[in-house]
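What follows is a set of notes on a single structure, which appears directly below.
The values are calculated or read from the model by the stated rules, or taken from the named source; none is laboratory data. If you're wondering where the values come from, they're calculated on a predicted model, not measured in any experiment. Cβ sites come from the backbone with ideal geometry, for glycine too, and all protein chains shown count toward neighbours. Each accessible area value is taken on the protein alone, full model and side chains, heavy atoms only, with ligands, DNA and RNA left out. Shrake-Rupley method; radii C 1.70, N 1.55, O 1.52, S 1.80 Å.
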Amino acid sequence: MSIKRVLTGIRPTGALHLGHYVGALKQWVPLQNSFECFFLIADVQALTTHVDRPELIEQSVHEVMLDWIGVGLDPRRDNVHFVLQSGVPELTELTVYFSMLVPFSEIERNPTIKAERSSNPTAGFMTYPVSQAADILLFTPYPPQASDALLVPVGEDQIPHLEGTNRIARRFNKQYGRVFLECTPQIGEVGRLPGIDGQNKMSKSLGNVISLKDDSKTVESLVKKMFTDPTKIRLSDPGHPFECPVYLYHQAFGGSENLGERADRCSRGLLGCVDCKRDLAATLNSFLEPIRARRAEAEKLPLGDYLYQGTSRAKQIGKVTMEAVRKAMYLDYPSVFGGVK
Ligand code: TRP
């Protein structure tokens, strides 16, 4: 029988926002129906940027679980596991072994690392792609069969890390024998949602986010501040909807609404930005309402128990993988211990 698993993760560095939803979370939800899913809260990776704010990470682990349940992930299902990265020591061990297989220059060339790194990055920061490879490959179905799958649904900025992960899998298998399955990336439709400034990717550090937990008044006021087509000043000016972030949000969250008509009315000067934004706030609020309701319900659930159970299942799998890894690398020392453990 083939084994199909999903592994993906997020850094707990604050409440999740619409950018997380569009780029990643949206595609995670349906996977729960056909896979054993591991949703990793990457608290160790969060330390690469927030080593001076451990209390924020601590709170965010809780927030992330609420946001996840809000969007429809369900840790009450037997096949859905919330995993705390620091609770799985096998990940740390695998990271160390993998780090021997990765030339440092390869990490320096990684475009995501290039974009994120400061002028004097820590060793921990520079090696996080290796740790991310461990996050993924620890969940390899072992022994891997051709019909097995390890699916990694992520936003497009994570692609360099998944390519690096598969290079590690190939190198390991070639050097030590086949232990790992290469992962299969799955990228969301709208890779990147701009922030409300319309310029940059939505990101907490840029202060341009709409959070999943924002209430309806906050959403209204954030949408009012949104950047629109600068050449459309009066209602009757012809707009350029395909270059307007407000229209992009209508596309991402408008569901069944008639977008063609909206674009047409905008470009013909029949729809003004104020009205278009008022519609968007309503659209976003009706999208967010069920998320807020499930999030509020989740406050009453035993989240710690789910995280503990999910992490235990991850450790169980990690134990099997690590035994195979140590054996493949001769780290079980048959000549010393005679194969006795
Ligand atoms: N790098 C991801 C982020 O910044 C988080 C992450 C950690 C991850 N480990 C992972 C994503 C493994 C996918 C697979 O949000």
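Examine the stretch 62-77 for a residue that is open to solvent by less than 20 Å² (accessible area, probe 1.4 Å), assigned to a strand (DSSP E or B) and more than 15 Å from Gln132 (Cα to Cα), and state whether such a residue exists.
no
Can you run down the residue pairs with Cβ atoms below 6 Å, 6 or more apart or on separate chains, where the first is in the stretch 151-162 and over 15 Å from Thr184 (Cβ atoms) and more than 6 Å from the ligand (Cβ to nearest atom) and the partner is open to solvent by 40 Å² or more (accessible area, probe 1.4 Å) and part of a helix (DSSP H, G or I)?
Between residues of the stretch 151-162 that are over 15 Å from Thr184 (Cβ atoms) and more than 6 Å from the ligand (Cβ to nearest atom) and residues that are open to solvent by 40 Å² or more (accessible area, probe 1.4 Å) and part of a helix (DSSP H, G or I), the close pairs are Pro160/Pro111.
Assuming Gly207 fulfils every condition listed in (1) free of Cβ contacts under 8 Å to residues at least 40 places away in the same chain; (2) within 13 Å of Ala15 (Cα to Cα); (3) in contact with a Phe, Trp or Tyr (Cβ under 9 Å, 6 or more places away or on another chain) apart from one, which condition is it?
Condition (3) is where Gly207 drops out.
Of all the residues that make up the stretch 139-150, how many are more than 10 Å from the ligand (Cβ to nearest atom) and open to solvent by less than 10 Å² (accessible area, probe 1.4 Å)?
3
Identify the single condition in (1) touching a helix residue (DSSP H, G or I) at 6+ places or on another chain (Cβ under 8 Å); (2) open to solvent by 50 Å² or more (accessible area, probe 1.4 Å); (3) within 24 Å of Gln27 (Cβ to Cβ); (4) part of a loop (DSSP other than H, G, I, E, B) that Gln186 does not satisfy, given that it satisfies every other one.
Gln186 satisfies every listed condition except (4).
Hey, among Leu235, Leu270, Leu248, which residue is within 13 Å of Gly198 (Cα to Cα) and of a type in the set (A, V, I, L, M)?
When all the criteria are applied, what remains is Leu248.
One residue is enough: does the stretch 38-50 have a residue meeting the conditions more than 15 Å from Asp74 (Cα to Cα), away from the ligand (no atom under 12 Å from the Cβ) and either of a type in the set (Gly, Ala, Ser) or outside the structural domain of Pro153 (by TED's automatic domain parsing) (or both)?
no
Starting from the stretch 7-27, take each residue that is in the same structural domain as Ala46 (by TED's automatic domain parsing) and in contact (Cβ under 8 Å) with a residue 60 or more places away in the chain and list its partners that are outside any loop (DSSP other than H, G, I, E, B) and among the hydroxyl-bearing types (Ser, Thr, Tyr), counting only C-beta distances under 6 angstrom and pairs at least six apart or across chains.
Sorted first by the residue in the stretch 7-27, then by its partner, the pairs are Thr13/Ser60; Gly14/Ser60; Ala15/Ser211; His17/Ser211.
Which residue out of Gln85, Gln32, Gln59 is within 25 Å of Thr321 (Cβ to Cβ), without any contact (Cβ under 8 Å) to a residue 60 or more places away in the chain and not acidic (Asp, Glu)?
Sole residue among the options that is within 25 Å of Thr321 (Cβ to Cβ), without any contact (Cβ under 8 Å) to a residue 60 or more places away in the chain and not acidic (Asp, Glu): Gln32.
Rundown of residues vs (1) outside any loop (DSSP other than H, G, I, E, B); (2) surrounded by fewer than 17 Cβ atoms within 10 Å (Cβ to Cβ), yes/no style:
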site: Gly198; (1), (2): no, no
site: Val209; (1), (2): no, no
site: Val219; (1), (2): yes, no
site: Asp229; (1), (2): no, no
site: Ile233; (1), (2): no, yes
site: Leu248; (1), (2): yes, no
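With the requirement that a residue be among the hydroxyl-bearing types (Ser, Thr, Tyr) and either in a loop (DSSP other than H, G, I, E, B) or surrounded by fewer than 22 Cβ atoms within 10 Å (Cβ to Cβ) (or both), what does the stretch 154-177 give you?
Correct list: Tyr176 only.
For the stretch 308-320, which positions are surrounded by 15 or more Cβ atoms within 10 Å (Cβ to Cβ) and either farther than 17 Å from Cys37 by Cα or at pLDDT below 95 (or both)?
Val320
Show the residue pairs meeting these rules: Cβ distance below 8 Å; 6+ apart or different chains; first residue within the stretch 119-141 and outside the structural domain of Arg171 (by TED's automatic domain parsing) and farther than 24 Å from Arg178 by Cα; second residue more than 10 Å from the ligand (Cβ to nearest atom) and open to solvent by 10 Å² or more (accessible area, probe 1.4 Å).
That search, which allows pairs on different chains as well, returns nothing.
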